[in-house]
Amino acid sequence: MIPVEEARARLLAGLARKGTEWVALDDARGRVLAQDLIARRDQPPCAVSAMDGYAVRGADLAAPGAALRLIGRSVAGHGFDGEVAPGTTVRIFTGAPLPAGADAVALQEDATAEGDRITFAEAVAPGTFVRRQGLDFTTGSLALEAGAILGPLQLGLAATTGHAWLPVRRRPRAAILSTGDELVRPGETPGAAQIVSSNATTLAAMVQAWGGQPVDLGIVPDDREALAAAFAGLDDVDILLTSGGASVGEHDLVQEVATACGMKLDFWKIAMRPGKPLMVGSLGRTTMIGFPGNPVSSAVCAILFLRAALRTMLGLDPALPVRRLPLAGELGQNDRRQDYLRASLETLPDGAAAVRVTRRQDSSMFATLARADALVIRPPHAPPASPGELVEVILLPEVLGDLDRFPL
Ligand code: AMP
Ligand code: MG
């Protein structure tokens, strides 16, 4: 058995970052920006008014009660062509270009109009209510850094800085193959001793959440020929994810058949619970991760290994966000495997958050994982822990979020 950290490092060492493709702004949500994005324009493009009012020269309104002659209008999208000479003013609206000669905007609330004579109740200093050219951003400045995840705000910024097409990392393609005589597809009626395959559903959704593109290879029975046929059909796939058949039983054929098909085994068996029989190797240019069939094991292994693999291929930090929270309840001495314990968040009487480990941790019990908030990490040989002690925690919504790097 090899330690979890060593297994992760070995898996990631074999992965290359994906190249770049260009996508239209409307198709870019959730993608990872592959190059720095440089602003192509100034915003605002010229000095504009921040309010509805009158464009003035500050020098004309040094004291309250001054009167100026109205000579025109400037509205958003259509400026005033002339110049605001001393003693004159131009009606102006929010976002409208500040006319030549003017250096400030007087609020309309402070102005009284009688014909073309405008009297101002307040003094106005130069610069008042003016947004200078390039206040938001200037041509040539860095709008978004390579590696940025394109969420709604980043897409808006890309649009306003003048980009309709964005260079993004190509999505890693992850093929998912479920193995087992006992499996039927969701929606099919299982026979008496059969179950509905759920791992492919979980894994495909995870691949999508982590920025990859799932490819469904379906279910194959525990049969050498059927497995070999599935392994032979891998073209244009970055990662192959198998589920099931990963242990040492007579019907656990994945490793044997993959090896016969040319798979080079990197490692097998990790010192962790759940998920010990995880296997990693390569089949041609495809990295293969063999997940245990137990739904809890395969989901936990995916959080630890698949997420890091996809993020590495996307050029993102593969580190798992780990937080420290106080325990509610007690934990016993751990053995030599690293545990990932299903747990729920609680609020202590003083209002602080704590984490309570679920009583039963059987790796076939998927319902407890689907209801859990977190996984508590118990390092190998961890001593017993008592309530209030800080433990390392993976928050499930955080790591399963839609490529979201932000904490809850
Ligand atoms: P295996 O790794 O093939 O020995 O499977 C371990 C356990 O996981 C068995 O109880 C299987 O029935 C179950 N299992 C295997 N594949 C899946 C799947 N795709 N969805 C849900 N459970 C599965
Ligand atoms: Mg099986």
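FYI, it's all coordinate maths here, none of it is from the lab. Keep in mind that this is a model prediction, so the values were computed, not measured. For neighbour counting, all protein chains shown are included, and Cβ atoms are generated from backbone atoms with ideal geometry for every residue, glycine included.
Tabulated values for the structure
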{"quantity": "Spread of Cα-to-Cα distances over 10 Å intervals beginning at zero, given as percent, for region 322-400", "calculated": "20, 54, 25, 1"}
{"quantity": "Region 337-359-region 215-247 distance, computed between alpha-carbon centres (Å)", "calculated": "37"}
{"quantity": "Compactness of the chain as Cα Rg over 2.2 N^0.38 Å, two decimals", "calculated": "1.44"}
{"quantity": "Under 19 Å from K276, Cα to Cα: aspartates and glutamates that are on another chain or at least 8 residues apart", "calculated": "E5, E6, E250, D252, E256, D266, D335, D339, D362"}
{"quantity": "Residue-averaged 222 nm ellipticity for the chain, from DSSP H runs of 4+ at -39500 (n - 2.57), nearest 500", "calculated": "-4500 deg cm²/dmol"}
{"quantity": "Inter-site label distance for D36 and A125 at 7 Å from Cα along Cβ, in nm", "calculated": "3.5"}
{"quantity": "Order of T128, T89, T112 - criterion: other Cβ atoms within 10 Å of each residue's Cβ, fewest first", "calculated": "T112, T128, T89"}
{"quantity": "Sparsely packed trypsin sites (Lys or Arg not before Pro) within region 33-68, loop by DSSP, other Cβ within 10 Å at most 15", "calculated": "R40, R41"}
{"quantity": "GluC sites (Glu not before Pro) restricted to region 97-198 and DSSP loop, no more than 13 other C-beta within 10 Å", "calculated": "E145, E188"}
{"quantity": "The chain: antiparallel DSSP beta bridges as a percent of all, rounded to 5", "calculated": "65"}
{"quantity": "Full-stretch length increase - A24, H78 - with 0.36 nm per residue and alpha-carbon distance subtracted", "calculated": "16.4 nm"}
{"quantity": "Fully extended contour minus Cα-Cα distance, from E256 to D362, at 0.36 nm per residue", "calculated": "35.4 nm"}
{"quantity": "Between helix 4-13 and the chain: long-axis angle, C-alpha atoms, 0 to 90°, nearest 10", "calculated": "70"}
{"quantity": "Region 210-275: C-alpha gyration tensor shape, a/c 1.5 cut-off, then a/b vs b/c", "calculated": "oblate"}
{"quantity": "Inter-label distance for S344 and L265, nm, one decimal - labels placed 7 Å from Cα along Cα-to-Cβ", "calculated": "4.1"}
